[in-house]
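The values are calculated or read from the model by the stated rules, or taken from the named source; none is laboratory data. On a predicted model such as this, the values are computed, not experimentally measured, just so you know. Ideal geometry is used to build each Cβ from the backbone, glycine not excepted, and the neighbour counts take in all protein chains shown.
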């Protein structure tokens, strides 16, 4: 099979996956919330208004028609109106997604910029105390739940030392005309520091350990032996020859991590009151805001699937040995 | 014949693990935590759900001034039973008495110190004279006389519960009790008690007594009852204070300002010896136990649940003072410059820092955190292991079937796995738990329904290469059925991988359960590490109560870390290439 038809097939698969997930999501919600407008009554909506909402979501029609309507709307990017915010769901989601991504991408970048060279260095010092300590610390932050490290971070830096803000994206009140207006400020960086650090510490473990383990595998390869025989300095062998060849699994992991990042780390967003998509989905289901919950989930799934697809494309580009099955 | 091969493959990892130091540590720690979960009821010092109450000889001192704000500050505890009454000598020294025969002396410049008493009975009332002599009365007809350093017990005519005492003059005093007893005590020449007939005579309890400016004595008690005793003619007569509420405390200043306090925030006062008693409005509905008024009209009253109210002068409004809200006050004592609020009966021990009784402190409801943490290990391990078993069961079977049968079966199964890879884990678990009522089953399902995807992929790829090996072909030629080949020939060979995945997923499940519980979506009515942190975050007190946050997270981390250590050495077994380069 040629590379091109492999990629086309892979893209089709991704599309089908998304379709299946959307379908599953639709029926899961219908099973769990037979009449989602019940929650609206509690908010003091009159029966007539409720009837109107029911009609706009097609809830008065048979299930299969509701399903078709849902698919049609989803394809058009129309996710309806949020019950809770009384605003178009799509607008809310794009804003929250931006907030989540700016936090997660910062954290992931920090984690990989530190983790990859550190992992390479640890593999070079394998078996030493530095190696053991590195593995231990990496695994430790991987094992500690982020809501806990976040709380400890707030306790230490926010409450005891008092030099980092502990909630939100900006000092309130503030005015910003757009997303970039909001984030290109020192105040924002100030708010970003603590949550980004906590998430980065959590993510640090995986590039660190993956890099270290792949490097160890690469050391056994012939071309390293060759480089040694040429009398190249150890440092150059490490970074120029071994590290470059050990990067592939790290890159894969990076793409997978970014894909999952859209879902955000719900707990981090909750602990730091970060207005991201993860926190939004929690609030949405708590307030039975089913259009918002459904749409957030769909957007997250789309993100994961797209990034997974990207990983495969990347893989086939980076590693010519990959067989297009 | 078959069993031994299973055993061997099951035990081989264990033998190998014992050679890895980190794995041994992991195994040891995990066993400890499993042991903790199994023996949780034995290990915990308290019922994790019970609200803990403590009794304490609490002292609060009034400090600050009107400008900086007045604060009633908690001083070091004097002991572990409640203080019931206190009185001063007018020069700044005082004496406090409490339950179980406890007594404390306050000396200007030296502070509080305990004094021995010869009794174990609860002491309910105390009166101190200017010369330092004191009388204390208590349950069971206890009457004590302090002259110098020694308490002398005085025999009572009946074992009545005595509530209060006040000096009549240097050599005599009036004692009142719960059975409407009014006793006159004369100390010289030898101590002698005379019972005085009450004008009511219906056995109403009297709770307080004080000497009025004109030399008569006033006693107050149940249903607003007030009785005045005139030592000149030895008569006792009823008096109206204008309330029918129970009066618990009475204080009259030397110049004749008087204050009586009682149940439901009752305050009645008299400005000067000639004035009329009048009821005052106080924005306080809890019981007041004791009051104090000075010659200048400044007054204090204390009561249950940390109630302290004060008034700057006569006619001014009563203001609630800032104090802590838990302790129950029994007495207020103004000794010179210092004003003390003393108590405390059993109060809910909220947000207590770690102590010998509560090793990890208590939470906002006064529940013991150490016991909660110990019990929390149960849910964590239950969900961790059950979830992981479920995951491995599904994943291994899907992987085996897909890898062994290939063809359409494989396509369908692996495309399913691909779809599952598109579902973000945390939001999926959230939605599942929120759509269906949170329960242990749903939490385990939420944790395991997605996670098997990795196991299925891994096992399948392993099976793909195993099924082409000679021993599988030999078995097939020998006429073994598909099931037999899959489960008896191939499965034992993927066992190390299964164990590895089991270990990794135990860690993942524990974190997932903790996450759900932290978000308030854990199994309801259960105690879990995540749930403790959820409570801490909800209460808002976690920003100061570090003892609340630290242990549960530490336990989660230790458990997951130990599982990771074990999985690391299992990885060496599952993948011999790793072993070679170590």
Looking at (1) under 19 Å from residue A:17 (Cα atoms); (2) buried (at least 22 other Cβ atoms within 10 Å of the Cβ), find the lone condition where residue B:454 falls short.
(2)
For region B:141-158, indicate whether the set of residues that are over 29 Å from residue B:114 (Cβ atoms) and in a loop (DSSP other than H, G, I, E, B) is non-empty.
yes
Run down A:135, A:108 and say which single residue is over 17 Å from residue A:273 (Cα atoms), at pLDDT below 90, part of a helix (DSSP H, G or I) and assigned by the TED database to the domain that holds residue A:240.
A:135
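Scan region A:219-236 for residues that are part of a loop (DSSP other than H, G, I, E, B) and within 14 Å of chain B (Cβ to nearest Cβ) and jot them down. Please lay out each step first, then the result.
If we filter region A:219-236 for residues that are part of a loop (DSSP other than H, G, I, E, B), which is where we start, we get A:220-221, A:230-233.
Answer for region A:219-236, where residues must be part of a loop (DSSP other than H, G, I, E, B) and within 14 Å of chain B (Cβ to nearest Cβ): A:220, A:221.
Can you tell which of B:486, B:557 is farther than 21 Å from residue B:18 by Cα, crowded, with 19+ Cβ neighbours inside 10 Å, in contact with a helix residue (DSSP H, G or I) (Cβ under 6 Å, 6 or more places away or on another chain) and free of Cβ contacts under 8 Å to residues at least 12 places away in the same chain?
Working: B:486 fails: free of Cβ contacts under 8 Å to residues at least 12 places away in the same chain.
None of the others qualify; the one that does is B:557.
Within region B:472-482, can one find any residue that is within 14 Å of another protein chain (Cβ to nearest Cβ) and surrounded by 19 or more Cβ atoms within 10 Å (Cβ to Cβ)? If you could, list the steps in order and put the result at the bottom.
Let us first name the residues in region B:472-482 that are within 14 Å of another protein chain (Cβ to nearest Cβ), namely none.
No, region B:472-482 has no match at all.
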Could you please find all residues in region A:136-151 being crowded, with 20+ Cβ neighbours inside 10 Å and facing another protein chain (nearest Cβ under 8 Å)?
A:139, A:142, A:143, A:144, A:145, A:147, A:148, A:149, A:151
For region B:531-541, check the following and say yes or no: at least one residue is touching a helix residue (DSSP H, G or I) at 6+ places or on another chain (Cβ under 6 Å), facing chain A (nearest Cβ under 8 Å) and part of a helix (DSSP H, G or I).
yes
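Working only within region A:67-87, note down all residues that are touching a residue at least 12 places away in the same chain (Cβ under 8 Å) and part of a helix (DSSP H, G or I). Outline the logic, then answer.
Within region A:67-87, the first condition is being touching a residue at least 12 places away in the same chain (Cβ under 8 Å), and the residues that meet it are A:67, A:69-71, A:74, A:77-85.
Within region A:67-87, A:67, A:69, A:70, A:71, A:74 meet the criteria.
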Within region A:259-271, considering residues that are in a helix (DSSP H, G or I) and at pLDDT below 85, the one farthest from the chain's Cα centre (by Cα)
A:259
Check off (1) in a helix (DSSP H, G or I); (2) more than 15 Å from residue A:168 (Cα to Cα); (3) free of Cβ contacts under 8 Å to residues at least 12 places away in the same chain for residue A:189 and give me the number that stays unchecked.
(2)
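I'd like to check something: does region B:64-72 contain any residue that is within 20 Å of the chain's Cα centre (by Cα) and surrounded by fewer than 14 Cβ atoms within 10 Å (Cβ to Cβ)?
Scanning region B:64-72, I find no residue that is within 20 Å of the chain's Cα centre (by Cα) and surrounded by fewer than 14 Cβ atoms within 10 Å (Cβ to Cβ), so the answer is no.
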Of the conditions (1) part of a loop (DSSP other than H, G, I, E, B); (2) more than 10 Å from chain B (Cβ to nearest Cβ), residue A:239 fails just one. Which one is it?
(1)
Taking the criterion of being in a helix (DSSP H, G or I) and modelled with pLDDT of 90 or more, would at least one residue in region B:497-504 satisfy it?
no
Could you grab me the full set of residues in region A:272-296 that are over 18 Å from residue A:101 (Cβ atoms) and part of a loop (DSSP other than H, G, I, E, B)?
A:287, A:288, A:289
Checked against (1) buried (at least 20 other Cβ atoms within 10 Å of the Cβ); (2) over 27 Å from residue A:16 (Cβ atoms); (3) within 10 Å of chain B (Cβ to nearest Cβ), residue A:250 satisfies every condition except (3)
Give me the helices (runs of 4 or more DSSP H) completely within region B:322-436, filtered to those with at least 1 residues that are surrounded by fewer than 17 Cβ atoms within 10 Å (Cβ to Cβ), within 14 Å of chain A (Cβ to nearest Cβ) and without any contact (Cβ under 8 Å) to a residue 60 or more places away in the chain, ordered by residue number.
B:407-421
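So is residue B:458 modelled with pLDDT under 90, within 57 Å of the chain's Cα centre (by Cα) and more than 14 Å from chain A (Cβ to nearest Cβ) or not?
Details: modelled with pLDDT under 90: yes; within 57 Å of the chain's Cα centre (by Cα): yes; more than 14 Å from chain A (Cβ to nearest Cβ): yes.
Criteria met by residue B:458.
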Could you say whether any residue in region A:152-159 is in a helix (DSSP H, G or I), more than 9 Å from every other protein chain (Cβ to nearest Cβ) and crowded, with 21+ Cβ neighbours inside 10 Å?
yes
Return a yes/no flag: does region B:519-529 have any residue that is facing chain A (nearest Cβ under 10 Å), under 34 Å from the mean Cα position of the chain (by Cα) and assigned to a helix (DSSP H, G or I).
yes
Taking region B:542-562 as the region of interest, how many residues are more than 8 Å from every other protein chain (Cβ to nearest Cβ) and not in a helix (DSSP H, G or I)?
1
